[in-house]
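**Student:** If you scroll down you'll find the structure; I have some questions about it.
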Amino acid sequence: MLEKRIEGRVLMRLFIDSKGVIKKSFPVESPHPALSLAAEKAILSIKFKPAKQKGKPIGIWFEIPIDFHLVNK
């Protein structure tokens, strides 16, 4: 992606189960398919706490943006 100078924001949609485990994920918006793949790999390293409703853990869908920026060295 560095050679092609591609950067931008990937909006990922996730389903987190009642144990905080990612069960489904897919890109909703992305400037390039390669960034979508990188975003999918990146979210696997994130640890989540389950959402709660009335004190009990529940599964939820939500969206998370992942930004990719080129850095000049």
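**Student:** How large a share of the accessible area of the chain, in percent, is made up of carbon and sulfur atoms when the probe is 1.4 Å and the other protein chains stay in place?
**Tutor:** Reported share for carbon and sulfur atoms: 55 percent.
**Student:** Continuing with the same structure: Once phi is turned into ³J(HN,Hα) by the Karplus curve 6.51 cos²θ - 1.76 cosθ + 1.60 with θ = phi - 60°, what whole-Hz value does each residue of the stretch 57-68 show in order, with x for glycine and proline?
**Tutor:** Result, rounded to whole Hz: x, 9, x, 9, 9, 7, 10, 9, x, 10, 9, 10.
**Student:** Tell me, what is the per residue accessible area of the chain in Å², probe radius 1.4 Å?
**Tutor:** Per-residue value: 76 Å².
**Student:** With θ taken as phi - 60° and the coefficients 6.51, -1.76 and 1.60, list the Karplus ³J(HN,Hα) couplings across the stretch 7-21 in order, rounded to whole Hz; mark glycine and proline as x.
**Tutor:** Each residue of the stretch 7-21 in turn: 8, x, 10, 10, 9, 9, 10, 10, 10, 10, 7, 5, 9, x, 9 Hz.
**Student:** Suppose the chain between residue 51 and residue 18 were pulled fully straight at 0.36 nm per residue; how much longer would it get relative to their current alpha carbon spacing?
**Tutor:** 11.2 nm
**Student:** Find the relative contact order for the chain and round it to a whole percent, using C-alpha pairs within less than 8 Å whose residues are 6+ positions apart.
**Tutor:** Once normalised by length, the contact order is 43 percent.
**Student:** Can you compute the helix-only [θ] at 222 nm over the chain? Use -39500 (n - 2.57) per DSSP H run of at least 4 residues, normalise by all residues, nearest 500 deg cm²/dmol.
**Tutor:** -4500 deg cm²/dmol
**Student:** Mind checking the dipole of the chain: about its Cα centre, +1 per Lys or Arg Cβ, -1 per Asp or Glu Cβ, Debye to the nearest 20?
**Tutor:** The calculated dipole for the chain is roughly 460 debye.
**Student:** So, one more: Give me log10 I(q)/I(0) at q = 0.27, 0.28 Å⁻¹ for the chain, Debye formula, one equal scatterer per alpha-carbon, no solvent.
**Tutor:** -1.18, -1.23
**Student:** Follow-up question, since we're still on this one. Give the peptides 8-15, 65-72 in descending order of average Cβ contacts within 10 Å, highest first.
**Tutor:** 8-15, 65-72
**Student:** Now a separate question. Just subtract the alpha-carbon distance of residue 42 and residue 61 from 0.36 nm times their residue separation and send over the number in nm, one decimal.
**Tutor:** The span from residue 42 to residue 61 would gain 5.1 nm if fully extended.
**Student:** Still on this model: I'd like the Karplus ³J(HN,Hα) series for the stretch 47-54: coefficients 6.51, -1.76, 1.60, θ = phi - 60°, whole numbers in Hz, and an x wherever there's a Gly or Pro.
**Tutor:** In residue order, the calculated couplings are 9, 10, 9, x, 6, 10, 9, 6 Hz.
**Student:** Expressed as an acute angle from 0 to 90° and rounded to the nearest 10, what is the orientation of the C-alpha long axis of helix 33-43 relative to the principal long axis of the chain?
**Tutor:** 40 degrees
The values are calculated or read from the model by the stated rules, or taken from the named source; none is laboratory data. Quantities reported herein were computed from a predicted structural model and do not represent experimental measurements. Positions of Cβ are generated from backbone atoms using ideal geometry, with glycine treated the same way; all protein chains shown enter the neighbour counts. These area figures cover heavy atoms from the full protein model, side chains too; ligands, DNA and RNA do not enter into them. Shrake-Rupley method; radii C 1.70, N 1.55, O 1.52, S 1.80 Å.
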